[in-house]
Amino acid sequence: ASWVQEAMAEARLPETALGRPESALFAASAAKAVLDFCRTLCFNAGRQRRRLLRSVDDWAELQAKADIADQQLFLRVDDKGHKTLLSPTGVYLSGWALQLVTVMVTRMLELGFETRLYAWHEFSMLFWYMDYFHGVRSTC
């Protein structure tokens with residue numbers, strides 16, 4: 001889990017957030033998903049695509065955990081019940097997870113091209129999706 005926290009630090013997550021227990025719990029759960037993603041990249045193209053399709057559900061759970069951890073880390077409620085966001089974006093952990101998900105989905109689409117799963121008339125739609133995921137990834 002420490003290597004996941006190092007990856008989060010490289011992604012410019014604040015040190016104050018990385019040192020908190022909520023972040024450590026998220027990193028521990030993220031380590032399994034990241035390790036599975038790295039293992040998946042070692043397979044051939046067809047098997048990679050199948051495993052990536054199945055791992056989307058794991059990443060959806062991880063995204064939900066990241067949202068909860070972000071709320072615990074960066075959202076404070078005062079005695080009057082007013083919520084205050086302690087960071088400009090408030091989505092550090094979920095943004096990090098979303099960035100990895102976009103890498104994974106983009107790779108899955110690329111593998112469809114490599115394995116020639118798509119017909120020529122589907123290319124415009126697929127290029128639109130790839131452009132969309134690259135745009136999302138650049139804003140994370």
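The values are calculated or read from the model by the stated rules, or taken from the named source; none is laboratory data. Here the structure is a predicted model, which means the values were calculated and not measured. Using ideal geometry, Cβ is built from the backbone for each residue, glycine included, and neighbour counts are taken over all protein chains shown. Each accessible area value is taken on the protein alone, full model and side chains, heavy atoms only, with ligands, DNA and RNA left out. Shrake-Rupley method; radii C 1.70, N 1.55, O 1.52, S 1.80 Å.
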Neighbours by Cβ (under 8 Å, 6+ apart or cross-chain): first from the stretch 92-107, more than 15 Å from Gln48 (Cα to Cα) and free of Cβ contacts under 8 Å to residues at least 40 places away in the same chain; second in a helix (DSSP H, G or I) and open to solvent by 10 Å² or more (accessible area, probe 1.4 Å): Ser94/Gln63; Ser94/Asp67; Thr102/Phe133; Thr102/His134; Thr102/Val136; Thr102/Arg137
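Please enumerate the residues belonging to the stretch 23-70 that are of a type in the set (Ser, Thr, Tyr) and either at pLDDT below 90 or open to solvent by 90 Å² or more (accessible area, probe 1.4 Å) (or both).
Ser23, Ser29
Quick grid of which residues meet (1) at pLDDT below 90; (2) touching a Leu at 6+ places or on another chain (Cβ under 9 Å):
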position: Phe74; (1), (2): yes, yes
position: Tyr92; (1), (2): yes, yes
position: Gly95; (1), (2): yes, yes
position: Val105; (1), (2): no, yes
position: Asp131; (1), (2): no, no
Residue match in the stretch 117-131 (condition: closer than 30 Å to Gln71 by Cα, aromatic (Phe, Trp, Tyr), touching a residue at least 40 places away in the same chain (Cβ under 8 Å) and in a helix (DSSP H, G or I)): no
Test for Phe113: is it at pLDDT below 90 and either under 20 Å from the mean Cα position of the chain (by Cα) or of a type outside the set (Lys, Arg) (or both): no
